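Engineer: Before I ask anything, here is the structure I am working with.
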Amino acid sequence: IYTSGSTGRAKGVVGTHRAIVNRFHWMWRTYPFDDHDVVAQKTALSFVDAVWEAFGALLAGVRLVVIPDAVVIDPPQLMPLLLRSQVTRMVLVPSLLRLLLDGDAFTREGLPALRHWTLSGEALPPHLVRGLRERSPGSTILNLYGSSEAAADSTCLDVSAVELGANVSIGRPIFNTRIHILDRYGNPCPVGVAGELCIAGAGLARGYCGDPRLTASRFVPDPFC
């Protein structure tokens with residue numbers, strides 16, 4: 001699977017089935033589907049979120065609605081499709097959520113069936129959380145953080161009812177995942193001190209495809225294991 005390329009050229013990540021299943025198992029156990037769930041599949045198949053949208057639903061026997069690319073980026077088309085399909089769960093970046101909340105269609109009709117919102121891929125501003133709470137009261141709202149190198153999602157915070165400050169936390173590790181905040185020497189940072197977030201556990205990929213040097217520099221042994 002390929003990274004977003006936000007730091008330069010997109011890199012091919014060699015993921016594992018173990019990492020994918022660990023992520024599925026965490027979601028199935030923590031936020032289980034029910035018989036009436038309908039999941040939106042709106043991410044290009046070359047990007048990591050598509051794995052969770054498609055196979056996370058289908059392997060659990062849940063109905064999947066595939067949304068065309070042209071519709072995803074056009075809220076006036078997206079809203080009616082979500083309504084007609086009675087979508088109950090959706091993964092989206094905060095910038096897309098902003099477009100939905102700002103649209104007239106959401107103000108008039110809302111999305112009463114959509115009760116499980118997963119936000120990831122970008123920093124989540126507190127005002128968007130407040131706006132979604134007002135428009136979709138009682139819904140589950142998750143803020144997920146991770147990368148393609150770690151099966152996409154490594155931490156989660158349920159922001160459905162938490163008190164919000166200036167920033168929205170990325171939460172705590174999901175199943176079989178360890179998070180370390182380290183300084184430039186590889187030592188744990190004290191509370192309140194900025195450092196580099198390092199991920200360990202079942203979600204890690206094997207490395208970068210065809211680039212052993214980059215793999216060796218980024219996928220290093222966990223000194224705390």
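For (1) among the charged types (D, E, K, R); (2) open to solvent by 30 Å² or more (accessible area, probe 1.4 Å); (3) under 21 Å from the mean Cα position of the chain (by Cα); (4) within 20 Å of Thr43 (Cβ to Cβ), each residue gets a yes or a no:
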| residue | (1), (2), (3), (4) |
| --- | --- |
| Gln77 | no, yes, no, yes |
| Leu82 | no, no, yes, yes |
| Pro94 | no, no, yes, yes |
| Leu99 | no, yes, yes, yes |
| Asp104 | yes, yes, no, no |
| Arg108 | yes, yes, no, no |
| Leu111 | no, no, yes, yes |
| Leu114 | no, no, yes, yes |
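Engineer: Within the range 150-166, take every residue that is open to solvent by 10 Å² or more (accessible area, probe 1.4 Å) and at pLDDT 95 or above and give me the one that is nearest to the chain's Cα centre (by Cα).
Structural biologist: Filtering the range 150-166 for residues that are open to solvent by 10 Å² or more (accessible area, probe 1.4 Å) and at pLDDT 95 or above, the one nearest to the chain's Cα centre (by Cα) comes out as Cys156.
Engineer: Right, next: Among the residues that make up the range 6-29, is at least one of them open to solvent by 50 Å² or more (accessible area, probe 1.4 Å), touching a strand residue (DSSP E or B) at 6+ places or on another chain (Cβ under 7 Å), over 22 Å from Ala113 (Cβ atoms) and assigned to a strand (DSSP E or B)?
Structural biologist: For the range 6-29, residues open to solvent by 50 Å² or more (accessible area, probe 1.4 Å), touching a strand residue (DSSP E or B) at 6+ places or on another chain (Cβ under 7 Å), over 22 Å from Ala113 (Cβ atoms) and assigned to a strand (DSSP E or B): present.
Engineer: Moving on to the next point. When only residues in the range 137-149 that are under 19 Å from the mean Cα position of the chain (by Cα) and not hydrophobic (A, V, I, L, M, F, W, C) count, which is surrounded by the most Cβ atoms within 10 Å (Cβ to Cβ)?
Structural biologist: Among them, the one singled out is Glu149.
Engineer: Looking only at the range 199-225, how many residues end up being small (Gly, Ala, Ser), more than 25 Å from the chain's Cα centre (by Cα) and surrounded by 11 or more Cβ atoms within 10 Å (Cβ to Cβ)?
Structural biologist: Here the count works out to 1.
Engineer: Restricting to the range 173-198, name every residue that is of a type in the set (D, E, K, R) and either out of contact with any strand residue (DSSP E or B) (no Cβ under 6 Å at 6 or more places or on another chain) or open to solvent by less than 60 Å² (accessible area, probe 1.4 Å) (or both).
Structural biologist: Asp183, Arg184
Engineer: Can I ask one more? Take the range 62-75 and flag every residue that is under 18 Å from Leu101 (Cα atoms) and surrounded by fewer than 15 Cβ atoms within 10 Å (Cβ to Cβ).
Structural biologist: The answer is Ile73, Asp74.
Engineer: Let me ask something else about it. Pick from Ala40, Ala44: which is modelled with pLDDT under 95 and either open to solvent by less than 30 Å² (accessible area, probe 1.4 Å) or under 15 Å from the mean Cα position of the chain (by Cα) (or both)?
Structural biologist: When all the criteria are applied, what remains is Ala44.
Engineer: Now for a separate question. Scan (1) on the phi > 0 side of the Ramachandran plot; (2) assigned to a helix (DSSP H, G or I) for the single condition Leu100 breaks and write down its number.
Structural biologist: In the conditions (1) on the phi > 0 side of the Ramachandran plot; (2) assigned to a helix (DSSP H, G or I), Leu100 misses (1) alone.
Engineer: While we're on this one: Mind checking which residues of the range 172-225 are part of a strand (DSSP E or B) and more than 15 Å from Thr155 (Cβ to Cβ)?
Structural biologist: Residues satisfying the conditions are Leu182, Pro188, Gly207, Tyr208.
The values are calculated or read from the model by the stated rules, or taken from the named source; none is laboratory data. For clarity, every value in this text was computed on a predicted model and none was experimentally measured. Cβ atoms come from the backbone with ideal geometry, glycine included; neighbour counts cover every protein chain shown. Surface accessibility is based on the protein's heavy atoms, side chains included, excluding ligands, DNA and RNA. Shrake-Rupley method; radii C 1.70, N 1.55, O 1.52, S 1.80 Å.
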